[in-house]
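Throughout, read-outs are computed from the coordinates displayed, never taken from laboratory work. Keep in mind the model is a prediction, meaning the values are calculated, not measured. All Cβ positions, even for glycine, are placed from backbone atoms using ideal geometry, and neighbour counts span all protein chains on display.
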Amino acid sequence: MIRGFLAAVFLFLMTAAAAAVFQWRDSQGNYHFSDRPLAADAAVLQLERRPRYHQVAYIYDGDTVRLADGRKVRLLNINTPEIETERKRGEPGGEAAKRQLETLLEGRRVRLEYDVERHDKYGRTLAYLFRHDGLHVNLQLVALGWAIANIHPPNLKYADAILEAQQQAEQARRGIWGMDAYAPKPIEILRRKRLHGWQRLVGVPKAVKPGRKYVRLSFAADLYVTIPRANLRWFPPLESYLGHRVEVRGWPSRRGRQHSILVRHPSALIVLDR
C-alpha cells in the first residue's frame, strides 16, 4: 500500500500539470489519487517540489548576472555602484561590489525567488538569489555594505530585512558607507555641480505640489523630489516632511535649470531632526 502511495505521488510530481493532488480512501481501505476531488472526503495533498537551482554563467556587475539558460537577472530591491564600461562611467565601489558578488557566487548554484513583478522595463528577470546553503545574496550584499536598498513597490517581500541590513551596514561604515564619495551633500550643490550616480542630498522641503502623475516635494523652485502618485500609499503624509532636515537618496536628474530626484519608497527620504 505504501509503495502504491509513493508511486502515485511520484507520478503526479513528474507529470503534474495540475495545481493540486487529491487523496481519498475507499470502504476497503485503499488509497486513491486524482487531480480532481472525486470523493466527498477527498483531501488535498501538500506536495513539496524540490527547488530548482541554476548555474550563474556571467557576472556583469554587483547586481546583475546571466544564468546558463541565457536569462539576464537583476537582483531585486538593491543597487550597487556602476563599473567602468565603454558605455558607462564607473562609480566608486563598483569593482569592489562586483568582486564581492563573484566571491558569494563562486562555484555555487542559485535558486530564484520572485516578487510581484517578474521583469523590468529592459526585459531582465527580477529576482532574489539564494544559494544552496540558504544565503540570501541580495541581503548579504547590503549587509556587507556593497549594495544599497533600492526598494521598488509593490515588490516588498524582503524590504524590511534589506532596510535593517542597510541600517546596520551604514552604522558600521561598511563598504560604500565608509567612502567619502557617498557622504551626504547639501541639495543646493546640484545648482553648481553635475553629480553622477547615486547620491545622498540633504535639505529642508518647503512645499508639496500635486501633479497628475507625480507629486513634488519641493526644496526650492528648481530643487525637488518627484514621487509617483501610485506610490503615495506607502508614504506618510508628505506634509510631515515640511520644515525638517531630510536626506534624499537617489539619482539626480537635470532638465534645464530644474533638478529632481525620483523617489519610489519612503526609505529614500530620511528625516534627520526627529
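Points to keep in mind about this one:
- Rounded, prolate or oblate (a/c below 1.5 giving rounded, otherwise prolate when a/b exceeds b/c) for the range 85-177 by Cα gyration tensor: rounded
- Here K72 is the anchor, and the lysines within straight C-alpha reach of less than 25 Å, apart from those fewer than 8 places off in the same chain, are K88, K98, K121, K157.
- Among W251, W146, W198, sorting on how many other beta-carbon atoms sit within 10 Å of each Cβ, with the fewest leading, yields W251, W198, W146.
- Distances between placed amide hydrogens fall under 5 Å for F219 paired with K206, Y224, V225, all partners being 5 or more residues away or on another chain.
- For the range 175-229, the Rg and Dmax computed from alpha carbons only, in angstrom: 13.1, 40
- Proximity of backbone amide H atoms, modeled 1.01 Å from N, is registered between Y214 and R229 at under 5 Å, excluding neighbours fewer than 5 places apart on the same chain.
- CD proxy at 222 nm, helix term only [per DSSP H run n ≥ 4: -39500 (n - 2.57); per residue of the chain; nearest 500]: -5500 deg cm²/dmol
- Ordered from longest to shortest, the equivalent ellipsoid semi-axes for the chain are 47, 24, 16 Å, each the square root of 5 times a Cα gyration tensor eigenvalue.
- Of the DSSP H helices in the chain, those whose Cα atoms cover at least 15 Å axially and whose Kyte score averages 1.6 or more: 2-15
- Label-point separation, E102 to D26 (7 Å along Cα→Cβ), nm: 6.3
- Of A165, A149, A68, the one that fluctuates the most in a GNM where the chain has Cα springs shorter than 10 Å: A68
- Distance between modelled label sites at L156 and H119, nm, 7 Å Cα→Cβ extension: 2.6
- For I78, nonlocal amide neighbours, meaning residues 5 or more places apart or on other chains whose placed amide H falls under 5 Å from its own, are N150.
- Working note: Karplus 6.51/-1.76/1.60 with θ = phi - 60° gives the range 227-236 the couplings 10, x, 4, 4, 9, 4, 5, 8, 9, x Hz, where Gly and Pro are set to x.
- Dimensionless Rg ratio for the range 184-271, taking C-alpha atoms and the 2.2 N^0.38 Å reference: 0.98
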